[in-house]
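Notes follow the structure.
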Amino acid sequence: MDQKVIESLIEDIKRFFSFAGEINKAISKRATRVSKVYEFITLSFELGEKGARNSELALHETQSLSGRFSEVYDACSLMNININQQMEIINNLRTLELIDQKIEKKLTYKILLLSESMQKALSFIRLILERNNEMILLDNQLINRRKQLTGLVKEFSSLLTDIIKLLDSDLREYENSTRPMYELEEFLLKAAGIIEIADQEGMGGLLDDVRNELRDEEILFSNLSSRMDIADDVHTKANELYHDICSIKNLVEVKDEHYRSNLEDMAQLSVILSMEIFDYVKMREILDPGLQRSSITEDSRRLFYDLDVLFDIASHTIESLNKMDRDIIKIFDDNVNQEEQLIELSKMDMRCYDNIRNEIDGVMNIIHFIAEGSGKNVVIGQILEKNLNKLINVIT
């Protein structure tokens, strides 16, 4: 018998029967990766629950802040009306020549400064309120997207469980019919000896072994081929989940940008409400001398007292604005950790779903390796069966 034919046949036998060992190694790797996928799925549920609770708390606080800023806005708007009335009274006093020019200029200067501060404050509050409304919408989106994602993850987990059960059944059925590694080595040595000495009876037994293994390989290939569409669907859904969590992360980042912009504007607003407008209360030092001289005429007395009342109202409003400012700052300070947690949870979510996607990629690669490998091995087995038949016919 031609030595090259013998060597080729022995090599084909080794390759054909050794594939079972490669499948067993692949099965072990697949089991490890699947286990990790389930670990990350469990973690994703935990992170999702924390993220949803965080968003619900953030929504409550953002709504509360909107109410506080609306109060500040109303107070500043009321102050603007007050300022306009004060200016109207001073203009009347000047027109009627019932006020000293120096006092009039000083009063006008203080009121104009307050008016400028109020305009700046209103500008900041409008921006903050607009962002707050956007943040309320974003929190609602986050809450609902996380609920949606939880449902999708449950569907994904169920689909994964179904396909893994089917694959486990297919692979276990094949694995039970394969030889252990130590028996395989002994079998291959024996097979090589049979071919080299052209043992007719031995070759008949070897042909039966090839046919039995080929039957098992064909069953495995057929079963795995029928599962590929479902397996690929798992792979597709894992990628979809990753892109879903990317969308959620984008929402979190947009909200964080709004939050930080509000922090910056709030810092400037706080300077106005806690320091800048307090210079107005010094107006009393200017107004009192005017009141003392208001007895000159009944008109001047009435106008100065109207101005005095408006001044008192404005002073009380300033005190209220200062208290509102302190309350809002406290809410912001209390929320800082919560907002930071939301960002950190988002990052952890991304890593979790990235790991799910990577592990599923690994699982699918292994499944495709087994399916494609078994398909190729079926071809090798068919050729091997044909060549052994020919060899047996030559010998006989």
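Any read-out appearing in this document is the output of simple, stated calculations on the displayed coordinates, not a laboratory observation. Model, not experiment: these values are computed from the prediction. Note that we place each Cβ from the backbone using ideal geometry, even for glycine, and neighbour counts take in every protein chain shown.
Quick notes on this structure:
- Spin-label pair Ser70/Asn389, simplified geometry with 7 Å Cα→Cβ offset, distance in nm: 8.6 nm
- Going from the fewest other Cβ atoms within 10 Å to the most, the residues Thr42, Thr95, Thr317 appear in the order Thr95, Thr42, Thr317.
- Proportion of all alpha-carbon pairs of the stretch 328-396 beyond 20 Å (%): 66 percent
- Farthest positive-ward along the stretch 148-276 dipole, Cα basis, beta-carbon charges - from Ala238, Leu167, Val210: Ala238
- Dipole check for the stretch 3-395: with +1 at the C-beta of Lys and Arg, -1 at the C-beta of Asp and Glu, and the Cα centre as origin, the magnitude is about 640 Debye.
- Label assignment, Cα extents along the principal axes in Å derived from the structure, set (i) 80, 40, 34; (ii) 54, 52, 46; (iii) 144, 33, 28: (iii)
- A simple count of charges around Leu241, restricted to other residues whose Cβ falls under 14 Å of its Cβ and scoring Lys, Arg +1 and Asp, Glu -1, yields -1.
- Lys/Arg +1, Asp/Glu -1 at C-beta; the chain dipole; positive extreme among Val37, Met324, Asn377: Met324
- From phi via Karplus (6.51, -1.76, 1.60), per-residue ³J(HN,Hα) for the stretch 247-262 in Hz, x at Gly/Pro: 5, 5, 4, 4, 4, 4, 5, 5, 5, 5, 4, 4, 4, 5, 5, 5
- Mean residue ellipticity at 222 nm, helices only, the chain: -35000 deg cm²/dmol; runs of at least 4 DSSP H residues each add -39,500 (n - 2.57), and the sum is divided by the number of residues.
- Within the shell defined by Cβ-Cβ distances under 13 Å, the residues around Asp333 carry a net charge of -4, with Lys and Arg each +1 and Asp and Glu each -1.
- Nearby lysines by direct alpha-carbon distance to Lys14 (threshold 20 angstrom, same-chain neighbours under 8 apart not counted): Lys4, Lys25, Lys190, Lys376, Lys386, Lys390
- Model label zone, Lys50; criterion: amide N under 20 Å from point 7 Å along Cα-to-beta-carbon; scope the stretch 131-167: 139, 142-151, 153-154
- Nitroxide proxy distance, nm - points 7 Å out along Cα→Cβ at Val379 and Ile313: 9.3 nm
- Of the chymotrypsin sites (Phe, Trp or Tyr not before Pro) found in the stretch 14-47, none is in coil by DSSP with at most 12 other Cβ atoms within 10 Å of its Cβ.
- Shown is the FRET efficiency for Lys105 and Gln85, computed with R0 = 22 Å from the Cβ-Cβ distance and rounded to the nearest 0.05: 0.70.
- Peptides ranked, highest mean first, by Cβ atoms within 10 Å: ranges 362-372, 250-260, 384-394: 362-372, 250-260, 384-394
- For the stretch 312-396, the dipole from Cβ point charges (+1 on Lys and Arg, -1 on Asp and Glu) about the Cα centre works out to 1140 debye, to the nearest 20.
- Stretchable slack from Lys25 to Arg211, in nm (0.36 nm times residue separation minus alpha-carbon distance): 64.6 nm
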